[in-house]
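Shown next, in structure tokens, is the structure this report addresses.
Values in this text are rule-based calculations from the coordinates and carry no lab data. Values in this document were obtained by computation on a predicted structure and should not be read as measured data. Glycine also receives a Cβ, built like all others from the backbone with ideal geometry; neighbour counts cover every protein chain displayed.
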Amino acid sequence: MFKQLREDIASVFDRDPAARNSWEVLTCYPGLHALQIHRLAHWFWAHGLHWLGRFTSHLGRWLTGIEIHPGASIGRRVFIDHGMGVVIGETAEIGEDTTLYHGVTLGGTTWNKGKRHPTLGKAVVVGAGAKILGPITVGDGAKIGSNAVVVKDVPPGATVLGVPGRVTDAGPTKEGARFAAYAVVANQDDPYSKAIQTLVEHSHELDESLRALTAKLARLEQELAQHEAEARRAETLRAVK
């Protein structure tokens, strides 16, 4: 138990530069508190004490703002940063060294019994406000961008952005890959955003071409009108003579 607590505290220092000392982490980090309470609630649940597990989980939610069903399975060195509004469903599974930010939901999409919540692999990072829904699998080392809504399996090492979630980087997990806070990684440009931006730029170019063409037509019409006026004057002069 104490070894696991030391691991949890060490994981905070690894992933949060604001952490200054162990006492501060132990007393002021709701994510750490929620995980310790969950472990007790999960023990009750696993031993058939379902009401006591739910009540312990309810107390943890009241104290931390983090709702974890006692049936959820959570690995070692998981870090819930800030944590307010995190919801983890009954059949959710979270692998070791995973990081969740505030507002994350690991939810179910069916009322049927059985597996209905997501499974997260090892070292997954889930950004603030992201929703991972249904009995899907998120591979090891994957990164889920803030506010993404994920309803399909995510391959290992992939980066997912948007609503609905789209894989924008399907690169394999690298051993010792650097932790990415809030799942923000370098060069994670969304190809859909790039395509839209290209269309917008092309639209601007077309607008400029249309304006230039309209101006040229206006000049030609003016020149034609002047030419016709001169021709009429010349004809009038000839008629007078």
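Points worth noting:
- A simple spin-label model places pseudo-atoms 7 Å from Cα toward Cβ; at LEU220 and SER73 they are separated by 7.4 nm.
- Modelled FRET efficiency - R0 45 Å, SER209 with GLU7, Cβ distances, 0.05 increments: 0.10
- Coupling constants for segment 198-204 follow from the phi torsions by the Karplus curve (6.51 cos²θ - 1.76 cosθ + 1.60, θ = phi - 60°), and in residue order they are 4, 5, 5, 5, 5, 4, 4 Hz; glycine and proline get x.
- Each peptide in 46-59, 77-90, 122-135 was scored by the mean count of other Cβ atoms within 10 Å over its residues; highest first, the order is 122-135, 77-90, 46-59.
- Approximating the spin labels as points 7 Å out from Cα along Cα→Cβ, the ALA229-to-VAL87 distance works out to 7.3 nm.
- Prolate is the label for segment 1-87, because the ratio a/c of its alpha-carbon gyration tensor axes (a ≥ b ≥ c) is 1.5 or higher and a/b is greater than b/c.
- Top of ALA215, ALA142, ALA92 by mean-square fluctuation, Gaussian network on the chain, Cα under 10 Å: ALA215
- Whether segment 1-149 is rounded, prolate or oblate, judged on the alpha carbon gyration tensor where a/c under 1.5 counts as rounded: oblate
- Rounded to 5, percent antiparallel among DSSP beta bridges of the chain: 10
- Count, lysine Cα pairs under 22 Å in the chain, 8 or more residues apart or across chains: 14
- Per residue, the average separation of C-alpha pairs within less than 8 Å and at least 6 apart gives the chain a relative contact order of 9 percent.
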